[in-house]
Amino acid sequence: MRYRRDIVVSFMALLGLGVSAQAGVLPEDRADVLYHLYDGGGVEIDGPSILVRKQVGKSTSFVGNYYVDMVSSASIDVITTASPYSEERKQWSLGMDYLRGNTTMRVNYTSSVESDFDAKTYGFSVSQDMFGDLTTLTLSYAKGDDIVGRSDDPAFERDNDRQHYGVGITQILTRNLIATLNFETITDEGFLNNPYRSVRYADQGSALGYSYEPELYPNTRTSNAVGLRAKYYLPYRAALEGEYRFFTDTWDIEAHTAAITYTHPWREFVFTGKYRYHDQTGAHFYRDVFPREQATNFRGRDKELSPLTSHTFKIGASYEFINDVDGWGFIKRGTANVSYSFLTVDYHDFSDLSVGALLGQEPLYALDADVIQIFFSFWY
Amino acid sequence: MNIKVLGRVLMPLMLLGASAGCSNFEPWVKPYERDRLADPIMALDTDPVSSSYIQHVYEAREGARGGEGAAGGGCGCN
């Protein structure tokens, strides 16, 4: 919980509940074993992710995923208002795809458990191929039930209900170009702030000129995001992909995200390079420092809700050590993959309090992180 | 409010989908012309286990979420 709340959203696409899923054909049978490591800003998170997908009969495919985050945190939040901690989050998911004609229906269930946070998500989506299979339309819905707790207070328990609505169109535009347009609305209702985090307010009676009080968020949030992606096949067998997303929500966060990816195969290798840019405004109730205690109805100092700009540089390589021609028994194809991403985040209104400076003299905080993924994939 | 807005978007799309099966539509990219789009490097999500993880990282470090539907792509042919 202390690590992060929005944990299940990103894993919906993993089971095919992304709003631009492909209809008309079932996903390939494959298994992936991944090790992930995030190291930055005093936080280290690593663990495995294992995915297995298998078709049963002609029209049904099952998928399962097991994912673990092992968190060791001495982040800027933690070292300024609390003590370093370690925790573990385990998540497992099950899903099923059912193909009938040009229509694919999907259901899935995801459960994420931490010592102080429990999230369950139920999802459903339908994809339809149309117009000579040039167009795939996908509608998706998911409902999430979260229970927020506190590790230092067993009696503390709060609910949060999430609803996800998605519409997506994937379109073949030319024999070299494919594009997808996705629209997604997510609503939250319940306890949305972090029960551990504090905001600070100006206090002339304290040594540094400020004191802390618990943060207090609105009980509802509705966000809308529209994303456009296009991928182009280059004449010498390589691919160029561009993507853009616009995000807005009822907390007054407005974000622009753009990325460009280049994919280049060479012999048994596939090399990838990616640059991603993200810029956002802050939530209306966010302040780096409030003028006094209980200055506003809602108050937050989560650095992820402050105005910020982030850049990500990624390089990756994939090596095919089992190919379609040779095979290993029932395994048709296998790849070994490694990627490294460098993430840098500049916070425009979040001060670094770890330096112990007086109020108004603190430098702004910035974060650099290394993200490493090593995984093996098998198709059978 | 948002449900109504979503309904206004969804209804035309559902009617579009329902009518698609009744038409004699001639695709401007024929099935035999989709070999490049069927190349694995053209998949919109080559490795779902990897892309969902990195999306998770971004959602933890940024205030935005959703709208990045990652699955699908490829040739779109049966």
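Quick note: the coordinates plus some simple rules give every number you see, no bench work behind them. This structure is a prediction, so every number in the text was calculated from the model and none was measured. A quick note on method: Cβ atoms are made from the backbone with ideal geometry, for glycine too, and the neighbour counts reach across all protein chains shown.
Residue-wise test of (1) under 30 Å from A:Asp352 (Cβ atoms); (2) exposed (fewer than 15 other Cβ atoms within 10 Å of the Cβ); (3) out of contact with any Cys (no Cβ under 8 Å at 6 or more places or on another chain); (4) not hydrophobic (A, V, I, L, M, F, W, C).
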| site | (1), (2), (3), (4) |
| --- | --- |
| A:Ser83 | yes, yes, yes, yes |
| A:Met96 | no, no, yes, no |
| A:Ser140 | no, no, yes, yes |
| A:Asp145 | no, yes, yes, yes |
| A:Glu157 | no, yes, yes, yes |
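Out of segment A:118-149, which residues are touching a residue at least 60 places away in the same chain (Cβ under 8 Å) and of a type in the set (D, E, K, R)? A:Asp129, A:Asp133, A:Asp146, listed by residue number. Pairing residues of segment A:247-272 that are within 14 Å of A:Thr312 (Cβ to Cβ) and within 10 Å of chain B (Cβ to nearest Cβ) with residues that are loosely packed, with under 14 Cβ neighbours inside 10 Å and aliphatic (A, V, I, L, M), at Cβ distances under 8 Å and at least 6 apart in sequence or on separate chains, gives A:Thr272/A:Ile315. Screening A:Asp279 with (1) surrounded by fewer than 20 Cβ atoms within 10 Å (Cβ to Cβ); (2) within 17 Å of the chain's Cα centre (by Cα); (3) not in a strand (DSSP E or B) gives one miss only, at (3). Filtered by the rule that a residue be in a loop (DSSP other than H, G, I, E, B) and touching a Phe, Trp or Tyr at 6+ places or on another chain (Cβ under 8 Å), segment A:40-61 gives a lone residue, A:Ser59. Considering segment A:206-252, the qualifying strands (runs of 3 or more DSSP E), each wholly inside and each with 3 or more residues that are within 30 Å of A:Thr185 (Cα to Cα) and aliphatic (A, V, I, L, M), run over A:220-234.
Scanning segment A:275-304 for residues that are among the charged types (D, E, K, R), away from chain B (no Cβ under 14 Å) and over 19 Å from A:Leu192 (Cβ atoms) gives A:Asp288, A:Arg292, A:Glu293.
Just a yes or no: is a residue in segment A:177-188 surrounded by fewer than 16 Cβ atoms within 10 Å (Cβ to Cβ) and part of a strand (DSSP E or B)? No, segment A:177-188 contains no residue that is surrounded by fewer than 16 Cβ atoms within 10 Å (Cβ to Cβ) and part of a strand (DSSP E or B). Checking each residue in segment A:118-138 for being within 9 Å of another protein chain (Cβ to nearest Cβ), in a strand (DSSP E or B) and surrounded by 21 or more Cβ atoms within 10 Å (Cβ to Cβ) picks out A:Ser127, A:Gln128, A:Asp129, A:Met130, A:Thr136, A:Leu137, A:Thr138.
Take the residues of segment A:307-325 that are of a type in the set (A, V, I, L, M) and in contact (Cβ under 8 Å) with a residue 40 or more places away in the chain: which is farthest from B:Ser50 (Cα to Cα)? Out of the qualifying residues, it is A:Leu308. Scanning segment A:286-303 finds one or more residues that are in a helix (DSSP H, G or I), within 22 Å of the chain's Cα centre (by Cα) and buried (at least 19 other Cβ atoms within 10 Å of the Cβ). Screening A:Ile172, A:Ile186 for residues that are in contact with a Gly (Cβ under 6 Å, 6 or more places away or on another chain), under 22 Å from B:Glu59 (Cα atoms) and within 12 Å of chain B (Cβ to nearest Cβ) leaves exactly one candidate, A:Ile186.
Taking (1) in a strand (DSSP E or B); (2) within 13 Å of chain B (Cβ to nearest Cβ); (3) of a type outside the set (A, V, I, L, M) in turn, A:Phe156 satisfies each apart from (2).
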